[in-house]
1. Tally the residues that are more than 17 Å from E15 (Cβ to Cβ) and either touching a His at 6+ places or on another chain (Cβ under 9 Å) or among the polar types (S, T, N, Q) (or both), restricting the search to the stretch 36-69.
2. Considering only helices (runs of 4 or more DSSP H) fully contained in the stretch 97-210, which possess at least 2 residues that are over 25 Å from L11 (Cα atoms)?
3. Inside the stretch 98-146, can you point out the residues that are open to solvent by 40 Å² or more (accessible area, probe 1.4 Å), closer than 17 Å to A64 by Cβ and in contact with a strand residue (DSSP E or B) (Cβ under 7 Å, 6 or more places away or on another chain)?
4. Of these, V325, V251, V351, V342, which one is over 30 Å from T375 (Cα atoms) and β-branched (V, I, T)?
5. Could you tell me which numbered condition D127 fails, if it satisfies all but one of (1) within 14 Å of I59 (Cα to Cα); (2) in contact with a Lys or Arg (Cβ under 7 Å, 6 or more places away or on another chain); (3) not polar (S, T, N, Q)?
6. Select the strands (runs of 3 or more DSSP E) contained entirely in the stretch 323-407, then report the ones holding at least 1 residues which are at pLDDT below 80 and either of a type in the set (D, E) or in contact with a His (Cβ under 9 Å, 6 or more places away or on another chain) (or both).
7. Taking the stretch 159-191 only, how many residues are more than 46 Å from the chain's Cα centre (by Cα), more than 13 Å from V142 (Cβ to Cβ), surrounded by fewer than 20 Cβ atoms within 10 Å (Cβ to Cβ) and not aliphatic (A, V, I, L, M)?
8. Pick from the stretch 357-369 the residues that are out of contact with any strand residue (DSSP E or B) (no Cβ under 6 Å at 6 or more places or on another chain) and of a type outside the set (F, W, Y): which of them is most open to solvent (accessible area, probe 1.4 Å)?
Amino acid sequence: MMTASGKLAGLYVSETHVALALRTGAREPRVVERVVSSPMAIVPEVKALLADQRDLTDIIVVVARPLAHLRIVNLPSMPREMAERVLARDADRYVIGNGAYVVSARPLDAGRWVAAFAPADLLAQIDDAASRVAGNVRFATVDDVLATSAHGGTTRDDRFVVVSDANGPSVTAHIRNGMAIGGRQFLAGATPDDIRSFARERGAPNAPTTTVAEGSTTASVLASLASVSSPALSLRAAGENLRSRRRDDRVTGWLLIGAAAAVLLAFALEQTIVAARLHRVTEQRATIASQVSRVLRLRDSVLTQAEFVSAIADREGHASRSGGVLAAIALALPRNATLSTVQLVGDSVLVEGESRDGAAVYDALKRVRELERVTLAAPLRRERTQPDAGNTMGHFAFAAYVRRVPR
């Protein structure tokens, strides 16, 4: 039951009647009822009822059969939103009618759901009219309103809640575990036998029956009950969904603003911390500036000297050693040896001359430290000299390489 606080209203809608029950505080509701000439006149009559109303807190709109229906359907376990989308898509399998339907569903037991169906176009038009005068608009079936308005409806046992008017029972709802699972609208002149017959059809012939009102019209009774009910299967019209999305968007917007403010605050705090650290670094740099300057000067001096040393070593490595090599060869030759040709090209040396002992010349050149890989450049030849024919001289030609000096 909804607490009667503020200005509440219950609106009953059927193909033959509309009724508006206004409730302020704990006082009995004031009910206004109008006859509907045809289904096309439902929305104009609703607008006429609401024309003089202002600043209502809540309106609960109870939609009667055959406009709205309550069904038990077979569906596997799934999220409620998914089940409602499936039922709305396949509504023509469960109710007779044309057009789109709004669906609200709740699981009943394993593999079964209780679902409420109502025409989407009708609910959208009523929602548009009601939302102009009330802050909150909700829709429900007659069975759901009877279930939430009946006292003692939380028991697990089956029970039936009946509304009777001057012509006898008019509406009954089958309730189990505090939730409506079915109902029926009777024709005028119905009797308690009709209620018992319905109970037998529902498989609960011995279930207790509670009559919530007698004497008043069905429309006024259900409008009054709706004004203080809290439907378990509240149907959502397109306008209500839009308003809900707008509320969600506003909440999301405020959350985004809060998140942005938190990010900006964190950024400002981080900037403050960074600025303080930079200030400390600047102070430390100023403290060691003279020492760093001295070290930099020393580094520059060391680099300059290293460049000088490198240049000298490079010059030494590329300096010509021709004179030293020639002098070493001349000093190393035996006394009886004479040079006729000495060629020095790059690191190659060709030495030609005459000597009585070519082998001694070879051994002498091998001992020169500036040379390496000493070999014969031509065969040794011996020639007799005049006037001493017994005195022979040998012609020699040796090739060698200048030894590389390690750097």
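The values are calculated or read from the model by the stated rules, or taken from the named source; none is laboratory data. Only a predicted model underlies this, so the values are computations on that prediction, with no experimental measurement involved. Positions of Cβ are backbone-derived with ideal geometry, glycine not excepted, and every protein chain shown enters the neighbour counts. Heavy atoms of the whole protein, side chains included, go into the accessibility calculation; ligands, DNA and RNA do not. Shrake-Rupley method; radii C 1.70, N 1.55, O 1.52, S 1.80 Å.
1. Of the residues in that region, 2 qualify.
2. Result: 192-201.
3. Within the stretch 98-146, just R138 meets the criteria.
4. Result: V251 is the single residue among V325, V251, V351, V342 that is over 30 Å from T375 (Cα atoms) and β-branched (V, I, T).
5. Going through (1) within 14 Å of I59 (Cα to Cα); (2) in contact with a Lys or Arg (Cβ under 7 Å, 6 or more places away or on another chain); (3) not polar (S, T, N, Q) one by one, D127 breaks only (2).
6. Because the criterion is at least 1 residues that are at pLDDT below 80 and either of a type in the set (D, E) or in contact with a His (Cβ under 9 Å, 6 or more places away or on another chain) (or both), the strands (runs of 3 or more DSSP E) in the stretch 323-407 that meet it are 371-384.
7. 5
8. Out of the qualifying residues, it is R369.
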